[in-house]
Structure formats: C-alpha cells, structure tokens
Amino acid sequence: MTFSTKLKEEIANSPSSRVIIESELSAIIRYDSLISKDSVILTFENGSVARRVYRSLKEIFHYPIKIIIRNQKRLRAKQIYILEIHEGALDVLHTLHIYKNNRYHAVDERIFEDKEQAMGFVRGIFLANGSINDPKTGGYHCEFVFQVKNDALFLNKLLHKMKFTSKVLKRNNRYMVYLKSSEEISDIIRLFEAPNCLFYFEDIRIYRDHKNMLNRLNNCDIANQERSLKTGSNQVEQINFLKRNDLFSLLDDKTKIVLEARLKYPESSYQELADIITTEYNYKIGKSGINHHFIKVKKLIDNYNKKA
C-alpha cells in the first residue's frame, strides 16, 4: 500500500463537519466524475474514499445511489468502485455549487474567505487526483493533477492564499500543481487532519534531516582535514626553504618554536598545533598567533626572492 493510499484512507475515515464534507464532495465531483444534467458517475480505486463519498451523499441528499464493483485484472488485480447518481443528480450539482441555473458554474472564489470550506475543497481535490510520495522512497513531492489549466490555476491560487508556495507545471496533456518543500507537505498533511500519516512523515523527515546534517558535517570535517593537510604541507616546504638558504637563524625564538612544532606535526590544524605548542613548549598561543608567525615566514621568503 502506497503512502498516498494510506493517507487517503485516513482522511476518508476521519470525522468532519458538514461544511468540510460538502466542500470535499464539490471538489471530488468537479474533478473526478462524469457529469450531465441527468447523472453523476464517480469512479474510485480506493474503497475507503468510495465509502466516504457514498455515506456523505446519502447523509446530505438521501437520493438512491447505484453501486457497481468491478474486478480489474489488467496489470494487477484490483477493484474499481463506481457510484451512479441519477435521481436528484441536478439537485446535487446545484447544492454543491457545481451547476447554477442548470449550467456548469466555475468555483466561487469566496471559498477563500472560509477556512473550513477551503480546507475541505483542497482535501476533496487530493482525494480525487492528489498524491504524496512516501518520504522513505525519495525526494519530497506532493501533486494534484488536472485536465484543465484553469482548474490547476485555481487550486494554485487557493494554496497561495493558504500560504503555500505551490507551482503549476504542464506535463504531457495535463496540468500539475505541486509542492516540493518537506515543511509545506507536512503542513498540508496536517491540514488534512491525518495524524498517523503526519507522525510517520515527520519521523522520516526528522531522520533524513538528521542524516543529511551528519553527512554535511562529515563532508565539512573531511574538507577541513584536506585544507589542514595542504596548509601543513605548504608550510613544511617553506620551513625547509628557510633552512636550505640559511634564513632560519634570522627568526625570533618564538617563531622558531612554532616552525619546529609544525615540522613535528605537519598534519595538525592551527588549533591543534596551538594546543600542542601551549602544552609541549610552554608557549601559550592561539590560532591567530600561529597564523601571525607564518605571515612573518612568508614575508621573509618573499624578501629573499626579490633580492635573489
């Protein structure tokens, strides 16, 4: 069972207010049904979603609903649930604001003004044509797929009103509204009021974030070690240059201590070298002090090369 299937089942089995249920139904029928003035036909692969829609329609409208269950064996065996509304179909479409004056009516943007309506509508769209990747399997991704561009643009506008940073993308002959931010996907699962799936998603997200942080720290440590090795190697070459050209004796005693320590510990970082000098040579020094002594070495070498 996919993560999206589990999430839809949890949404479908959660109690909701009448306002939310009507908004869900409006979205599901708009975007996932065959509509005419005489009938509404809905098809589902998820049994829990089919049962929620059936119960909601019966509770609100009390019209007879024909249920057809088909076994599909193509690719993989699964059941298809078909709900057909014939008697009262026009009343359903008018009540859910899908039809007005017996004609199809675009979504009223006043839905933006009611938090419950907006939440129910987005939940309904997700139940109809949404999906969220399992956070274990790859990158974070939430999407809603539409046949009509204006439908995708409407949802995108609604999500922006709800402070999400969704985007619209055309893919083949369809339009996709998607979210990539793990935090926003977590927020949208919270919006769907699905705590079990939310806890699962958050557990995986925290684990992955912690793992990524450790990887970044390890990479940073490796980079720092490589820089220390390169710096130490260059400084050993500078010290050997001084000795080969009888320049070492021109340095003061404290600088000589630092250079002798560097020869002894060529792989140490500045901080490690400072700690060693402080302990072994009884000369208290910090990283900046180490750097200051090697600046003096570089100036001495530069001056020598200019005169040569």
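Only residues that are part of a helix (DSSP H, G or I), in contact (Cβ under 8 Å) with a residue 24 or more places away in the chain, closer than 16 Å to GLY130 by Cα and in contact with a Lys or Arg (Cβ under 7 Å, 6 or more places away or on another chain) were counted in segment 183-224, giving 1.
Report yes if ILE29 is at pLDDT 90 or above, assigned by TED's automatic domain parsing to the domain that holds MET162 and outside any loop (DSSP other than H, G, I, E, B), otherwise no. Yes; evaluated as a whole, the condition is true for this residue. Restricting segment 117-159 to residues that are of a type in the set (Lys, Arg) and within 15 Å of SER4 (Cα to Cα), the residue that is modelled with the highest pLDDT is ARG123. Residues that are surrounded by 15 or more Cβ atoms within 10 Å (Cβ to Cβ) and in a strand (DSSP E or B) were ranked within segment 85-114; the one that is modelled with the lowest pLDDT is TYR99. Number of residues in segment 1-41 that are free of Cβ contacts under 8 Å to residues at least 60 places away in the same chain, of a type in the set (Ser, Thr, Tyr) and in contact with a helix residue (DSSP H, G or I) (Cβ under 7 Å, 6 or more places away or on another chain) equals 1.
The values are calculated or read from the model by the stated rules, or taken from the named source; none is laboratory data. Remember, predicted model here, so these are calculated numbers, not experimental data. Note that we place each Cβ from the backbone using ideal geometry, even for glycine, and neighbour counts take in every protein chain shown.
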